[in-house]
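A short worksheet on the structure shown next.
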Amino acid sequence: MNRVVTKPGRDTRWNRFLYGFFRQLIANPLRLYTRGTVDGKHHLPDGAFVLAPVHRSYIDTPISTWVQVRRMRYLGKDSMWKYERLGKLFTAMGAIPVHRGSIDREAMKRCIDVLSTGQPLVLFPEGERKDGLTVHPLLDGAAFLAAKADVPLVPMAIAGSDRVMPRGAKFVYPRKVHIIVGEPFKVETNDKGRATREHLSEATQRLHADIQRLYDQALAHIG
């Protein structure tokens, strides 16, 4: 399939308007419907950062917008950009196309470009949606992008989204959702300012531990 090529998208007034409009239309009503609560918003840094949430449901993307009003950027399957007009709309709302199943260097470059302009990026480090109470092994992508752009990495737990919209469900249920944003940290680098494989591995291991701890706390909160 040929993907419609789109630019990363600057944080323009029009883009912020579209993002805010759809946030009001979808994310805010969803928060009321699920009695959604958020702890730890004060941990979010100013400027660019990589937000790394646990991923249990398709609705984790709109749910993650609860943590702040400011426009954040997201990765989306490149099939969403099949039609040019829709592709432009998705880009304006913050999405970045990525080809699953292989290393998409173009998507990685776009993510770095986005972070370099001061925009936050949401990246689910487990990769695809997972199941269960245990955080699955994480990919190094979140740590790599945070190190490459020299921005903080922020762990986050979303508990209850799998009850709101379970795998295979066609209905959104009014179940409780709770988010906890953890403390940000920087990926360590060598004396040349570069993150080695060991640095990325250590950062990913720390991220995994932080997300699991936050996820356990968030699950306990919703009961």
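Quick note: the coordinates plus some simple rules give every number you see, no bench work behind them. For clarity, every value in this text was computed on a predicted model and none was experimentally measured. Here Cβ is always computed from backbone atoms with ideal geometry, including for glycine, and neighbour counts include all displayed protein chains.
Take the range 84-106 and flag every residue that is more than 16 Å from the chain's Cα centre (by Cα) and within 24 Å of Gln24 (Cα to Cα). Once the filter is applied, which keeps residues that are more than 16 Å from the chain's Cα centre (by Cα) and within 24 Å of Gln24 (Cα to Cα), the range 84-106 yields Arg85, Leu86, Gly87, Lys88, Leu89, Ala92. In this structure, Lys109 does satisfy being exposed (fewer than 14 other Cβ atoms within 10 Å of the Cβ) and either without any contact (Cβ under 8 Å) to a residue 60 or more places away in the chain or closer than 25 Å to Gln24 by Cα (or both). Evaluation of Ala142 against the conditions (1) under 18 Å from Asp210 (Cβ atoms); (2) free of Cβ contacts under 8 Å to residues at least 24 places away in the same chain; (3) within 12 Å of the chain's Cα centre (by Cα) shows that the sole unmet condition is (2). Note on the range 68-89: among residues that are part of a helix (DSSP H, G or I) and touching a strand residue (DSSP E or B) at 6+ places or on another chain (Cβ under 6 Å), the one that is farthest from Leu44 (Cα to Cα) is Trp81. Criterion first (of a type in the set (Lys, Arg), more than 19 Å from the chain's Cα centre (by Cα), within 23 Å of Thr65 (Cα to Cα) and not in a helix (DSSP H, G or I)) does Arg175 satisfy it? Yes; evaluated as a whole, the condition is true for this residue.
Residues checked against (1) surrounded by 21 or more Cβ atoms within 10 Å (Cβ to Cβ); (2) farther than 17 Å from Val67 by Cβ; (3) in contact with a Pro (Cβ under 6 Å, 6 or more places away or on another chain):
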position: His99; (1), (2), (3): no, yes, no
position: Arg105; (1), (2), (3): no, yes, no
position: Pro125; (1), (2), (3): yes, no, no
position: Asp162; (1), (2), (3): yes, yes, no
position: Gly168; (1), (2), (3): no, yes, no
position: Glu183; (1), (2), (3): no, no, no
position: Glu188; (1), (2), (3): no, yes, no
position: Thr196; (1), (2), (3): no, yes, no
